[in-house]
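All remarks here apply to the structure that follows.
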Amino acid sequence: MTPENDAAARYFEAISAALRGLEIFMRDDRSPLYRHGIVAKIVAEYIARLEISFTCWRNRLGFMDSFRISRAESGFPVFQNLLELENDRRTAPERLAKIPKADELRGEMVDFILRHKEFPTALRRSMAERLYLEDVSAELAFGPMTLAQTAKVSVNPKTRRPFYLVHWASFDGSANLPLIYMATVEDSSEAMVRQLVTDSGKMNEKVEIPLPVDGLLNPELAHRFDDFTEKNSAYTLSPATIAVNLDKDFAELHPKQVRRIVLGPFYSAGITENNSTVTEVLSKVRKPESAWLLTWTIQEVFSKAEKPGRKGLFSSEQASEEFFINTDDLEAARQGVSSYEKHALIPHEAYQALYAVGEAQKIFADYKVHILSNGQVISDV
């Protein structure tokens, strides 16, 4: 195995362990996100997509020698890797037609080993390519942009409007970070109010909505909403800016809350260079699958009031939200949010290494730390 392949294997082992640990954290009833079960469920769906992406990239390395990560910044793969997945998804059917089925390849590999007493490199590459293309063609990987879904529908009894919990995701090409978005949006469209809200201001139980629904539930706004999310999901845009843009672009939609989960940076011993202190300590951890640190940030902006619209003879003004930015917290003000939380997930062995050299308190000063140990997550350390 070449040094490059050995480094790649260690990276995939570490990131796979981190994503599995994050899934365990999401399922834990002590998790902060578990209080909002649907939020944890949505995040878990995107983590599963990321895991599929990494499985695809690992198989791709079996027949292609190109894979780059953002070593000095995010610790995640560079954007070009996602574009390659997307391009290969489109050509997968015709390429799969030219490769023997998996069972045939296995049989040929066994026969080759028995006859030649050596490893069938060419057949192994064909098998890796088949597995890769099968996973890619399933369209379940984390792509450059995952369009919105409506996960929940209810009614605000005060405003007598239906509201939706909508989520979508993007992989930022500049920061090389996976971003997960959720928005709680009220809809004042006459057709949707008439269809979903009863005279008593409750959800119309006669309307069956098989959730999740692809796109925004309102069919007249769904395409425009997809266009909006594609243009307004960059990491450089603060949650407040995205919320204000959404409020301005849709007269009938009233965003009451926008939440963004920024996954990363990810730190891996001997691979990433995004923090010299962390890298140095992680390099002393004995097991490669335990020599990592995954961080993420949860950002939230919410509306504190709605300014009513105004209709006049010569001019009119649509209703608008007043979003709360916590200016008492300099970091919240910088991020453009009402509140934020910074989290860190680290294996027990790696945390012990940081603690032993007196670096844990400094590195995790602003983080809620979660330690992965024996398949369980210990928080509030």
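The values are calculated or read from the model by the stated rules, or taken from the named source; none is laboratory data. Just so we're clear, the structure is a prediction, and the values are computed from it rather than from any experiment. For neighbour counting, all protein chains shown are included, and Cβ atoms are generated from backbone atoms with ideal geometry for every residue, glycine included.
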On the given criteria, is PHE364 within 28 Å of LYS158 (Cβ to Cβ), surrounded by 11 or more Cβ atoms within 10 Å (Cβ to Cβ), of a type in the set (Phe, Trp, Tyr) and under 30 Å from the mean Cα position of the chain (by Cα)?
no
Considering the range 150-201, residues that are among the acidic types (Asp, Glu) and within 27 Å of the chain's Cα centre (by Cα), and then whichever is farthest from ILE69 (Cα to Cα), we arrive at ASP187
Yes or no: the range 261-282 includes at least one residue that is among the aromatic types (Phe, Trp, Tyr) and outside any helix (DSSP H, G or I).
yes
Within the range 288-322, considering residues that are among the hydrophobic types (A, V, I, L, M, F, W, C) and not in a strand (DSSP E or B), the one modelled with the highest pLDDT:
ALA291
Here is a list of conditions, (1) assigned to a helix (DSSP H, G or I); (2) over 23 Å from LEU263 (Cα atoms); (3) acidic (Asp, Glu), and GLU349 meets all of them except one; can you say which number that is?
(2)
Going through the range 161-196 one residue at a time, which ones are farther than 17 Å from GLU321 by Cα and of a type outside the set (A, V, I, L, M, F, W, C)?
HIS167, SER170, ASP172, GLY173, SER174, ASN176, PRO178, TYR181, GLU190, ARG194, GLN195
For the subset of the range 52-67 comprising residues that are among the hydroxyl-bearing types (Ser, Thr, Tyr) and not in a loop (DSSP other than H, G, I, E, B), which member is surrounded by the fewest Cβ atoms within 10 Å (Cβ to Cβ)?
THR55
Helices (runs of 4 or more DSSP H) lying entirely in the range 68-150 (those with 2 or more residues that are modelled with pLDDT under 90 and not small (Gly, Ala, Ser)):
102-116, 121-137
Return yes when GLU331 is within 21 Å of the chain's Cα centre (by Cα) and modelled with pLDDT of 90 or more and no when it is not.
no
Failed condition for TYR351, given (1) under 15 Å from THR297 (Cα atoms); (2) crowded, with 19+ Cβ neighbours inside 10 Å; (3) among the aromatic types (Phe, Trp, Tyr)
(1)
So is PHE171 within 25 Å of SER238 (Cα to Cα) and part of a loop (DSSP other than H, G, I, E, B) or not?
no
Selection count where residues are crowded, with 21+ Cβ neighbours inside 10 Å, of a type outside the set (Ser, Thr, Tyr), touching a Phe, Trp or Tyr at 6+ places or on another chain (Cβ under 6 Å) and closer than 19 Å to ASP214 by Cα, scope the range 127-178
3
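Counting only residues that are under 20 Å from ASP135 (Cα atoms) and in contact with a Lys or Arg (Cβ under 9 Å, 6 or more places away or on another chain), which one in the range 96-115 is surrounded by the most Cβ atoms within 10 Å (Cβ to Cβ)?
Across the range 96-115, the extreme among qualifying residues is LEU105.
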Could you give every pair whose Cβ atoms fall below 9 Å, whose first residue belongs to the range 87-105 and is touching a residue at least 12 places away in the same chain (Cβ under 8 Å) and closer than 16 Å to CYS56 by Cβ, and whose second residue is outside any helix (DSSP H, G or I) and not acidic (Asp, Glu), counting only separations of at least 6 or pairs across chains?
ARG89/ALA138; ARG89/ALA141; ARG89/GLY143
Some residue of the range 60-75 being among the hydrophobic types (A, V, I, L, M, F, W, C), under 26 Å from ARG260 (Cβ atoms) and over 19 Å from the mean Cα position of the chain (by Cα)
yes
